Amino acid sequence: MSSIGDALSRAVLDAAALDGEPDQQSHLTLVRLSAEAEREARGILRQSVESARAGGVSWSAIGTELGMTRQAAQQRFGDASRDGAPADDREYRWLGPVTAFDEMAELELAGRAGWHTVEVGILRHLMVRTDTQWEHKRVVFRGLSRRDADDGWVVAAQWFPWAYLVRDLGVPAK
């Protein structure tokens, strides 16, 4: 098993917090947590492909890395790079690619224009537009502090180890 496979297996077992002899419930807990790990891994793969495409990597090169043809990679992941935003009446856009070094400056600019984060992925933020300006804050996440909550911050999204907090400034967007 690869080091990533070992780490994933350890994470699932740690999350299960099993003790004693396995019973039916502990087996079901492992099944549930393994399915959750699989969904997360698929999401990471999809976001990695989207990031690669945003960085100019060809479908042929992506297909080679995945052990499939260019056409198969494009069929499997091609629609993901188009949008992925929820189907509602709000205006969404992806901000990115951004890194830990430049994302806060980019979020500040977007916030002034009325955009705020609703989801985070590898090198990008899904944002929704409103009529008011927003402030963004990135913190190592251990839960929303009472002080942040009292100051009007809410958790917009999490991407380990970060949480992205937002608050509506109540000022018209520029």
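What whole-number value in cubic angstrom gives the convex hull volume per residue for the C-alpha atoms of segment 1-67?
Values: hull volume 6.7 nm³, N = 67.
Looking at segment 1-67, the number lands at 100 Å³ per residue.
By accessible area of protein heavy atoms, probe 1.4 Å, what ranking do Ile62, Ile122, Ile4 get, highest first? Walk me through the numbers on the way to the answer.
Numbers: Ile62 10, Ile122 45, Ile4 130 Å².
Correct descending sequence by accessible area is Ile4, Ile122, Ile62.
Set the Förster radius R0 to 35 Å, insert the Cβ-Cβ distance between Ala72 and Glu21 as r into 1/(1 + (r/R0)^6), and round the FRET efficiency to 0.05. Walk me through the numbers before you get to the answer.
Working: r = 44 Å, r/R0 = 1.25.
Working from the Cβ atoms, E equals 0.20.
Summing -39500 (n - 2.57) over the DSSP H runs of n ≥ 4 in the chain and dividing by its residue number, what mean residue ellipticity at 222 nm do you reach, to the nearest 500 deg cm²/dmol?
Working: 6 runs with 76 residues, N = 174.
After summing the helix terms and dividing by residue count, I get -14000 deg cm²/dmol.
Give the carbon-plus-sulfur fraction of the accessible surface of the chain in %, rounded to a whole number; probe 1.4 Å, heavy atoms of protein chains only.
Values: 5850 of 11320 Å².
Of the solvent-accessible surface of the chain, carbon and sulfur hold 52 percent.
Distance in nm between label sites at Arg32 and Val155, each 7 Å beyond Cα in the beta-carbon direction?
1.9 nm
How much accessible area per residue does segment 31-172 have, counting only protein heavy atoms and a probe of 1.4 Å, in square angstrom? Intermediate results must be reported in sequence, preceding the final value.
Working: 8660 Å² over 142 residues.
For segment 31-172, the per-residue accessible area is 61 Å².
Using unit Cβ charges (K, R positive; D, E negative) and no other charged atoms, how large, in debye to the nearest 20, is the dipole of segment 1-111 about its Cα centre? Kindly include the intermediate steps, with their values, before the conclusion.
On the way: 11 positive and 19 negative charges, 121 e Å.
It works out to roughly 580 debye.
Quick check: from the Cα gyration tensor, does the chain come out rounded (a/c under 1.5), prolate or oblate?
Numbers: a/c = 2.38, a/b = 1.26, b/c = 1.90.
Since a/c reaches 1.5 but b/c is at least a/b, the shape of the chain is classed as oblate.
Using the Kirkwood radius built from alpha carbon pairs, what does the Stokes-Einstein equation give as D for segment 100-157 at 37 °C and 0.692 mPa s, in µm² per second?
Numbers: Rh = 12.1 Å.
For the chosen part, D equals 272 µm²/s.
Considering the options Gly55, Phe77, Leu165, tell which one lies farthest towards the positive end of the dipole of the chain, charges being +1 on Lys and Arg and -1 on Asp and Glu at the Cβ, about the Cα centre.
Gly55
The values are calculated or read from the model by the stated rules, or taken from the named source; none is laboratory data. Predicted model only: the values in this text are computed from it and were never measured. Backbone-built Cβ (ideal geometry, glycine too); neighbour counts: all protein chains shown. Note: areas computed on protein heavy atoms with side chains; ligands, DNA, RNA excluded. Shrake-Rupley method; radii C 1.70, N 1.55, O 1.52, S 1.80 Å.
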